[in-house]
Amino acid sequence: MSTLDPPFSDHLQEDEITPDQYGDFISSLPTVGFLSQYRGFWFPTWHMQGVLSFQKHFQAHETDILLMTPPKVGTTWLKAILFAIVNRKHHLDLQKHPLLTNNPHILVPYLDIQLYNTKEVPDLTSFPSPRLFSTHLPYTLLPASIKDSTCKIVYLYRNPKDTFVSLWHFMEKNETTTDSFEETFDKFCQGVNPFGPYWDHVLSYWNESLEKSQRVLYLRYEELKEQPTTHLKRIAEFLECPFSSEEETKGMVNDISRLCSFDHLSKLEVNKSGTTIDMKTESLFHRGKVGDWVNYFTPQMSEKLDDIFKEKFHGTRLTF
Ligand code: A3P
């Protein structure tokens, strides 16, 4: 018999669950396919242990820089950009830049699905300050140590139609689901997708960015794509390491933009083969375009998502 009755699991706080109870707790959660529902969001079941350990143990530093995203909105790209901006003084020779030989997810790891998924309490002492980490968790589920800290949060989101198409390709390539495109779409519309509902994820950080604009930088994939250098400068300013006029004159902003561009990163050998955190590395780089959804959606699908997001974002200034 389970040591945790399912009805009780709802009342338990994360810090009350001991590691030997994780298995029972996780199997008591509602599931749909490979996803488990935990505190209003859907997580791949195999990530749940890392989510619980991260929530329980992570201690934020005031100097931390945390990249928060829903999946498939350009996380890999922004990891590369943040790493290159923050560490630019150590890597002036772009021919020897760590991004040429390391996938961005190795340089800026996920806390929940990488570091805390492999160890209950990973040793983070080797990460130099400022530490650069990432997570797909919604704001509401972040550990208290992050919410109480003044560390910087960079949030990225994307048009939900392109996000969905990107997710579909990613799941197909990694054989995560046997559902059809239409079935996966229906679930997305019900909020049943990894780290979904998508709208609740976006809103959780939006609300926080309104209250604490000096703490949370809210970025859109489409804007980053349209004017990368403008946003690179904005990011550097937000992180309190603005580009100097000398750096700008030397072309450093353009250099970092090119280094991290889809065309450049996707052609590197390190990003073309093998696996990264159990994903086919090449599946992280698909097309990198804005508006690819038009090639996949029927007018009805497009209208359905428009209606959902109009309702969910009513009363906010959020647009896609
Ligand atoms: P597409 O599937 O639309 O091509 P994530 O990194 O959050 O998993 O997001 C993956 C999406 O970001 C994919 O979108 C991928 O192609 C795109 N992407 C990856 N690297 C990029 C880059 N350097 N510039 C722009 N888009 C990039």
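The values are calculated or read from the model by the stated rules, or taken from the named source; none is laboratory data. What you are looking at is a predicted structure, and each value in this text was computed from that prediction instead of being measured. Here the Cβ positions follow ideal geometry from the backbone for every residue, glycine too, while neighbour counts run over all protein chains shown. Surface areas here come from the heavy atoms of the whole protein model, side chains and all, with no ligands, DNA or RNA. Shrake-Rupley method; radii C 1.70, N 1.55, O 1.52, S 1.80 Å.
Within region 137-154, can one find any residue that is closer than 24 Å to Val32 by Cβ, modelled with pLDDT under 95 and away from the ligand (no atom under 16 Å from the Cβ)? No, that holds for no residue. Residue check: Leu92 meets all listed conditions (1) in a helix (DSSP H, G or I); (2) open to solvent by 30 Å² or more (accessible area, probe 1.4 Å); (3) of a type in the set (A, V, I, L, M) but one, namely (1). Among the residues here, Thr163 qualifies as touching a helix residue (DSSP H, G or I) at 6+ places or on another chain (Cβ under 8 Å), within 16 Å of the ligand (Cβ to nearest atom) and assigned to a helix (DSSP H, G or I).
Would you tally the residues in region 57-72 being within 16 Å of the ligand (Cβ to nearest atom) and open to solvent by less than 10 Å² (accessible area, probe 1.4 Å)? Outline the logic, then answer.
Here is the first cut: in region 57-72, the ones within 16 Å of the ligand (Cβ to nearest atom) are 66-72.
Then drop every residue that is not open to solvent by less than 10 Å² (accessible area, probe 1.4 Å), which leaves 66-70.
Selection size over region 57-72: 5.
Filtering region 250-283 to residues that are more than 11 Å from Ala80 (Cβ to Cβ) and among the hydrophobic types (A, V, I, L, M, F, W, C) leaves Met252, Val253, Val270, Ile277, Met279. Here Lys187 fits the description: part of a helix (DSSP H, G or I), open to solvent by 10 Å² or more (accessible area, probe 1.4 Å), farther than 26 Å from Thr275 by Cα and away from the ligand (no atom under 12 Å from the Cβ). For region 249-320, the helices (runs of 4 or more DSSP H) that sit wholly inside it and include 1 or more residues that are within 11 Å of the ligand (Cβ to nearest atom) and among the polar types (S, T, N, Q) are 252-259, 262-267. Tell me yes or no: at least one residue of region 223-235 is within 22 Å of Pro109 (Cα to Cα), more than 14 Å from the ligand (Cβ to nearest atom), buried (at least 16 other Cβ atoms within 10 Å of the Cβ) and in contact (Cβ under 8 Å) with a residue 24 or more places away in the chain. Yes, region 223-235 contains at least one residue that is within 22 Å of Pro109 (Cα to Cα), more than 14 Å from the ligand (Cβ to nearest atom), buried (at least 16 other Cβ atoms within 10 Å of the Cβ) and in contact (Cβ under 8 Å) with a residue 24 or more places away in the chain.
Note on region 304-320: among residues that are surrounded by fewer than 16 Cβ atoms within 10 Å (Cβ to Cβ) and either of a type in the set (Val, Ile, Thr) or over 29 Å from Ser209 (Cβ atoms) (or both), the one that is farthest from the chain's Cα centre (by Cα) is Thr316.
Of the residues screened, Thr163 is not one that is buried (at least 16 other Cβ atoms within 10 Å of the Cβ) and without any contact (Cβ under 8 Å) to a residue 40 or more places away in the chain.
Within region 107-136, track down each residue that is touching a strand residue (DSSP E or B) at 6+ places or on another chain (Cβ under 7 Å) and part of a helix (DSSP H, G or I). Within region 107-136, Leu111, Asp112 meet the criteria.
Could you pull out the residue among Leu52, Leu94, Leu35 that is within 16 Å of the ligand (Cβ to nearest atom) and among the aliphatic types (A, V, I, L, M)? Spell out how you get there, then give the answer.
Numbers: Leu52 fails: within 16 Å of the ligand (Cβ to nearest atom); Leu35 fails: within 16 Å of the ligand (Cβ to nearest atom).
Exactly one of Leu52, Leu94, Leu35 is within 16 Å of the ligand (Cβ to nearest atom) and among the aliphatic types (A, V, I, L, M), namely Leu94.
Conditions (1) open to solvent by less than 20 Å² (accessible area, probe 1.4 Å); (2) more than 20 Å from Leu232 (Cβ to Cβ), marked per residue:
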position	(1), (2)
Gln55	no, yes
Leu99	yes, no
Val121	no, yes
Pro128	no, yes
Arg131	yes, yes
Thr135	yes, yes
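Assess whether Gly274 counts as being more than 21 Å from Gly196 (Cα to Cα) and surrounded by 14 or more Cβ atoms within 10 Å (Cβ to Cβ). Before the answer, list the steps.
On the way: more than 21 Å from Gly196 (Cα to Cα): yes; surrounded by 14 or more Cβ atoms within 10 Å (Cβ to Cβ): no.
No, not satisfied.
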